[in-house]
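Data block below; observations after.
The values are calculated or read from the model by the stated rules, or taken from the named source; none is laboratory data. Nothing here was measured: the structure is a model prediction, and the numbers come from that model. No Cβ is skipped: glycine too gets one built from the backbone with ideal geometry, and neighbour counts run over all protein chains shown.
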Amino acid sequence: MNIQKILLENGIPIHEWDHNKKTKTVAELEQEILCQETKLELLDNQLTRSVKVVNIIVNVQLGDHLFRLIEDKQIFLNFGKVRERNLGYIAEKIIGDEMPETAARRALQEEIGLTLEKELIFIEEEIEQQNSMSYPGLLSIYQIFRYRIILNAADLTILRFSEVQDNKIILFTLEPEN
């Protein structure tokens, strides 16, 4: 399957997809499809990117105070940019037929080193549709499974506040929960 050809035939402006423009590339979309993180589908005659994701709110109870783990920023090593995030949850794509709770536990382990068997509290499932920031011009439909986990002071000893990937570093911080 020639992804670039399919995108062009459907009027997707892939010439705008470039790391210098803070977007992903056709090769990265192709990799997401090969890894079963994303599907391309024709819905109502419109090429659509379908993605299943988990979002996990990580709270830390410290005495009488409740904090939330925040993804503060991403540092891109391959093109020297910093993206401020201020994201109040951990987000991870579900791979293939993976169950949402399994994906949530994998995300906690990969992103912050958390392997505890603490309860993951299911909050809701929601569908969001939007023009993708990563792939401009490509409509994306996200099936989102939201969870929450509550940690305590003892759990901080195993919690990682950074994740190093091949081409980026992700930094986390704690902020008081409103």
| task | Could you list, in sequence order, all residues of the stretch 101-135 that are under 24 Å from Asp44 (Cα atoms), at pLDDT below 95 and touching a helix residue (DSSP H, G or I) at 6+ places or on another chain (Cβ under 9 Å)? | result | Ser134
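Just one of Thr48, Thr38 is farther than 21 Å from Arg106 by Cβ and β-branched (Val, Ile, Thr); which is it? Don't jump to the end; show me each part of the working.
On the way: Thr38 fails: farther than 21 Å from Arg106 by Cβ.
It is Thr48.
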| request: Considering only the stretch 60-77, state which residues are among the polar types (S, T, N, Q) and over 30 Å from Lys22 (Cβ atoms). | output: Gln61
| said: If Gln129 satisfies all but one of (1) more than 30 Å from Leu8 (Cα to Cα); (2) under 19 Å from the mean Cα position of the chain (by Cα); (3) not hydroxyl-bearing (Ser, Thr, Tyr), what's the number of the condition it fails? | reply: (1)
| said: Among the listed residues Lys39, Lys52, identify the single one that is over 21 Å from Leu171 (Cβ atoms), exposed (fewer than 15 other Cβ atoms within 10 Å of the Cβ), touching a strand residue (DSSP E or B) at 6+ places or on another chain (Cβ under 7 Å) and at pLDDT 95 or above. | reply: Lys39
| Restricting attention to the stretch 110-132, does a residue exist that is without any contact (Cβ under 8 Å) to a residue 24 or more places away in the chain and among the hydrophobic types (A, V, I, L, M, F, W, C)? | yes
| From the residues in the stretch 3-31 that are of a type outside the set (Ser, Thr, Tyr) and in a loop (DSSP other than H, G, I, E, B), which one is nearest to the chain's Cα centre (by Cα)? | Lys24
| Give me the pairs: first residue in the stretch 70-81 and surrounded by fewer than 17 Cβ atoms within 10 Å (Cβ to Cβ), second residue part of a loop (DSSP other than H, G, I, E, B), beta-carbon distance under 8 Å, and six or more apart or on different chains, which are they? | Phe76/Asn167; Leu77/Asn167; Asn78/Asn167; Lys81/Lys22
